[in-house]
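Here is the structure we will look at.
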Amino acid sequence: MKHKNFTYPFILLFLVTAMQLQGQKMRNHGDFEVHTNGQVGFFGPIINDGFFFCNSGLVGLYGESSYHISGNVVPKLYDLEIANASSILLNVPVTISNNVNFILGDLETTKTDSINYLEFSQLSFSTGSSDFSKMNGFVKANVQEHFMFPTGDNIFLRPISVESTLLNVKHMACYLFEDSTKNYPFYSNEEIAQINTNEFWILKGAHQVSITIDWNERSSIERITDDINDIEIVGYHISTSQWKSLGGRGNTGDLNSGFLSSEPFIPNDYAAITFGIFNQNENEQPEIPLNSYHYMLSPNGDGINDKFIIEELADYENNVLHIYDRNGLLVFEAQNYTDEFDGNTGKTISALDRDAGLAQGIYYYIAAVNGGEFSIQGYLYIDR
């Protein structure tokens, strides 16, 4: 996998008779396939009005300036790589069957409707998403128990992690740095005292899930509380036109950054999701540990959470683990990982002091299992 420091791969571009180069636009109105080990790189607009399919190869979206992917037919790709200093606009859905490698620049869709999106099919996943490269728009995913949507806006990666007890269920997500109460007014009620008006997520799906979302400095959590244990996830309930509690468990972090999970709910019942503060008149909510995909590491030598341990990895023959900071910088990697990570980078990075260890805050991890057969990914909070 390539990351920040990258070189463009060898570009193999096979032009069938039905594919035309018009100016700097690539227009396909025939049959175009990328075969095993094939690599195709695009540096300008793509108009797809024909069969565009990848059964194993890589399609790269490169360049320095913004362009669009459009047409009447959905491109169905295997591996997709984004390395463009500007955003690439999707005016048609794009489907991925294996991996999206975010390197530099955003994929973008309109957020006024969900007609266009980046779709992850069964067992596909993303790597490298960061503040510098993500999906600024709608993501659709075929969730296999767990999926982290690489959503955000033009500034920050703001993912939403979905856990389902069912296999192979479709959900769609988007993040907006906007005041949700402009469309979904809030009035203090028996459940909720306040909500965050800086940002919200849209999540669509007909099957019950629980979610995990995180806050950062721009969330301004300190405006609504000085105690992260008061935070819960809230949603605007469509049928009652009221904001309701979706629960809060595993609250982890501080006022600048942290994350928590919801209780199970059906996304299609809610128009918007954000952070809220439960009404102090209610009984104290019990502390519930994190679910199996999200972890806290407190490497202070007390024998509790000193090492990052993913118990599920012991059930599989091999794995490759990568840990990234919020900016997408790879800070740790290991093959056949067990429990080596203790908060130190293990890598020579000029901006980091290896002896001091990684800074307190949120990190993202992804473990590719059995040669990329599937992945386990989630949040990791280092507490110092």
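The conditions of being at pLDDT 80 or above and in contact with a Leu (Cβ under 7 Å, 6 or more places away or on another chain) are met by Asn84. Inspection of the stretch 202-213 finds a residue satisfying the criterion of being in contact (Cβ under 8 Å) with a residue 60 or more places away in the chain, open to solvent by 20 Å² or more (accessible area, probe 1.4 Å) and part of a strand (DSSP E or B). When restricted to residues that are aromatic (Phe, Trp, Tyr), open to solvent by 40 Å² or more (accessible area, probe 1.4 Å) and over 15 Å from Asn99 (Cα atoms), the stretch 28-58 contains 2.
Looking at the stretch 38-100, the strands (runs of 3 or more DSSP E) lying wholly inside it that each contain 3 or more residues that are among the charged types (D, E, K, R) sit at 76-84. Within the stretch 75-91, can one find any residue that is open to solvent by 50 Å² or more (accessible area, probe 1.4 Å) and either touching a residue at least 40 places away in the same chain (Cβ under 8 Å) or among the β-branched types (Val, Ile, Thr) (or both)? Taking every residue of the stretch 75-91 in turn, at least one turns out to be open to solvent by 50 Å² or more (accessible area, probe 1.4 Å) and either touching a residue at least 40 places away in the same chain (Cβ under 8 Å) or among the β-branched types (Val, Ile, Thr) (or both). Counting only residues that are among the hydrophobic types (A, V, I, L, M, F, W, C) and open to solvent by 10 Å² or more (accessible area, probe 1.4 Å), the stretch 92-131 holds 4 of them.
Taken over the stretch 45-64, the criterion of being of a type in the set (S, T, N, Q) and more than 24 Å from the chain's Cα centre (by Cα) is satisfied by Asn48, Asn55. Checking each residue in the stretch 113-137 for being modelled with pLDDT under 95 and of a type in the set (S, T, N, Q) picks out Ser121, Gln122, Ser124, Ser126, Thr127, Ser129, Ser130. Restricting to the stretch 332-345, name every residue that is under 24 Å from Ile103 (Cα atoms), among the β-branched types (Val, Ile, Thr) and surrounded by fewer than 19 Cβ atoms within 10 Å (Cβ to Cβ). Scanning the stretch 332-345 gives no hits.
Checking the stated criteria, Leu313 turns out not to satisfy the condition of being at pLDDT below 85 and either closer than 19 Å to Met148 by Cα or touching a strand residue (DSSP E or B) at 6+ places or on another chain (Cβ under 8 Å) (or both).
Among the residues making up the stretch 233-256, those that are of a type in the set (Ser, Thr, Tyr) and either free of Cβ contacts under 8 Å to residues at least 60 places away in the same chain or on the phi > 0 side of the Ramachandran plot (or both) are Tyr236, Ser239, Thr240, Ser241, Ser245.
Going by the structure shown, is Arg218 in contact with a Ser or Thr (Cβ under 7 Å, 6 or more places away or on another chain) and among the basic types (Lys, Arg)? It is false that Arg218 is in contact with a Ser or Thr (Cβ under 7 Å, 6 or more places away or on another chain) and among the basic types (Lys, Arg). Summed over the stretch 178-218, the residues that are hydroxyl-bearing (Ser, Thr, Tyr) and over 24 Å from Ser114 (Cβ atoms) give a count of 2.
Picking from Gly235, Gly253, which residue would you name as being at pLDDT below 95, buried (at least 19 other Cβ atoms within 10 Å of the Cβ), within 25 Å of the chain's Cα centre (by Cα) and not aromatic (Phe, Trp, Tyr)? The conditions single out Gly253.
The values are calculated or read from the model by the stated rules, or taken from the named source; none is laboratory data. Everything numeric in this text was worked out from a predicted model, so none of it was measured. When we count neighbours, we look across all protein chains shown, and the Cβ atoms used for this are built from the backbone with ideal geometry, even at glycine. Note: accessible area is taken over every heavy atom of the protein model, side chains too, but ligands, DNA and RNA are not part of it. Shrake-Rupley method; radii C 1.70, N 1.55, O 1.52, S 1.80 Å.
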